[in-house]
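Okay, structure first, notes after.
The values are calculated or read from the model by the stated rules, or taken from the named source; none is laboratory data. Keep in mind the model is a prediction, meaning the values are calculated, not measured. Reconstructed Cβ throughout: ideal geometry from the backbone, glycine too, with neighbour counts over all protein chains shown. Calculation scope for accessible area: heavy atoms of the full protein, side chains included, ligands and nucleic acids excluded. Shrake-Rupley method; radii C 1.70, N 1.55, O 1.52, S 1.80 Å.
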Amino acid sequence: MNLNYKIIFHLMGLLLLCNGGFMILAALFSGIYDDGVTLEITFAAIVTMIVGVLSMFLTRDHKKEVKKKEGYIIVTFGWLVMSLSGVLPYMFSGAIPDFTNAFFETISGYTTTGASILDDIEVLPEGILFWRSLTHWIGGMGIIVLAIAILPLLGIGGMQLFAAEAPGPSGDKLHPRITDTAKRLWLIYFGYTVAETILLKLAGMSFFDAINHSLATLSTGGFSTKNLSTAYWNDQPLIQYIIILFMFLAGSNFVLSYYAFKGKVQKILKDEEFKYYSIFVFAFTIVASLVVYFKANVPSSDYYPMVLGEWESAFRHSLFQVLSVITTTGFVTADFTNWTHFLTIFFFGLFFLGGCAGSTSGGIKVMRHLLIIKNGLLEFKRTLHTNAVIPVRYNNKTVREHIVYNIIAFFVLYMLMFIIGSLVLGALGLDFESAIGGSASSLGNVGPGLGSLNPLSNFNSLPALGKWWCGFLMLLGRLELFTVLILFTPYFWKKV
């Protein structure tokens, strides 16, 4: 099969055009706040849009057909093209003049990882800070379309199982056309962002901080406008509870939000993944709260003030950090690696959980864990009853074998890439704790890691090669492994 290169380049041009449009929005913010870099961001936007228009013009006679091979290339290279063009506002403004650092910050934004190389965030111009948050929001918006519309068509998305329609979302889509489905979900995504911005502003944040943290929350990204991240507002519990609410929503399936607005509450209550996602959040928060309250040696400080009493503070910080890690948002109110060795290992385990399929969160996803556990437990039955056909069931419907195999393969590949990722970081000079933390955090799009990459530190200490490697892991995790790794297989490029 010959690749349709023209459609690939045409869509890359379209992405660049959209990216340039978002840069114009950042330039507008820069002009409003008169931060001195409006022209630089505008120039970055113009360059990006010119390249995009040229790419679209030169391939205007493309065949309007995207097959599987083109789909994989478009998804992977789409994220790379966005990231490569996204460095321009950083470099032209001088905010991050080094290309490696600028690319790391950008791909961390688009993949909604939230790991940063910046030592002092608050000195950056407002336009650059807004652009930084926008990269999160664009990436989160894109991943919704991927999860709901594109990945299932390629046969690798977690959404095949949504609403118990095992072969894919086609039996229970919001609307028969993918574009209409995407529009409805984008509207919810945009609406949540506006709602959180308003609530945070009313709770005491400045408008600029409110909109930036809303962009980062709904995308489960984690970039903040403050050096202390959300610990800056530790003396304002209401602000943190608002962020907690929207982290929970962002980590749940956005299709369920659509059903909620349509009044179809039964669909939400019957959804197995959402039920366990909620149970996990509640149970893990209780465990962390009890350990923090009775065991953690955390004095009242800038990071951990006891405002409304020790139990409320322990509960709030535990709930915040559990949700932040499970949903892979990466905001921090405290350094959980200082909350006893048990909780360090506990939170490290949560790096691998992830939110729900169809959410903006990274990680393995709750649904995959559920099906792996169910299939594992059924193996005991199959061992005793060798002739019996005992299928895995999800939402009271049978899951096809090929989907179970796909999920097991995904899990094995995920853990293999985590091990390889840790080995590479170890070879580059990181200690054991930092290497496994950096690998798990990058692959799961979590943000904070362990050791020298802990929640109150950043990734600037990594060598240049380590930053590129972590960037690759971020992309790999964000695009569900297979999308990227299949491009490295020789048979992908063979003509059929």
Would you point out which residue out of ASN406, ASN396 is in contact with a Gly (Cβ under 8 Å, 6 or more places away or on another chain), polar (S, T, N, Q), open to solvent by 30 Å² or more (accessible area, probe 1.4 Å) and in contact (Cβ under 8 Å) with a residue 24 or more places away in the chain?
ASN406
So, first residue of a type in the set (Asp, Glu) in the range 312-323, second residue at pLDDT below 95, Cβ within less than 8 Å, six or more apart or across chains; the pairs are GLU312/PRO237
Collect the residues in the range 431-485 that are free of Cβ contacts under 8 Å to residues at least 60 places away in the same chain, closer than 17 Å to ASP335 by Cα and of a type in the set (Ser, Thr, Tyr), keeping them in residue-number order.
SER434, SER452, SER457
GLY354: passes all of (1) open to solvent by less than 40 Å² (accessible area, probe 1.4 Å); (2) not in a loop (DSSP other than H, G, I, E, B) but (2)
Candidate set: the range 409-429, residues that are exposed (fewer than 15 other Cβ atoms within 10 Å of the Cβ) and of a type in the set (Val, Ile, Thr); chosen: the one nearest to LYS467 (Cα to Cα)
ILE420
Here are the criteria: (1) assigned to a helix (DSSP H, G or I); (2) among the hydrophobic types (A, V, I, L, M, F, W, C); (3) open to solvent by 30 Å² or more (accessible area, probe 1.4 Å). Tell me which single one ALA45 does not satisfy.
(3)
Looking at TYR258, is it buried (at least 21 other Cβ atoms within 10 Å of the Cβ), hydroxyl-bearing (Ser, Thr, Tyr) and in a helix (DSSP H, G or I)?
no
Residue, nearest to LEU17 (Cα to Cα), within the range 77-126, restricted to residues that are buried (at least 20 other Cβ atoms within 10 Å of the Cβ) and among the charged types (D, E, K, R)
GLU105
Among residues of the range 193-230, those that are buried (at least 19 other Cβ atoms within 10 Å of the Cβ) and in a helix (DSSP H, G or I), counted
17
Please list, ordered by residue number, the helices (runs of 4 or more DSSP H) wholly in the range 385-496 having 1 or more residues that are over 30 Å from ALA231 (Cβ atoms).
401-427, 464-478, 482-485
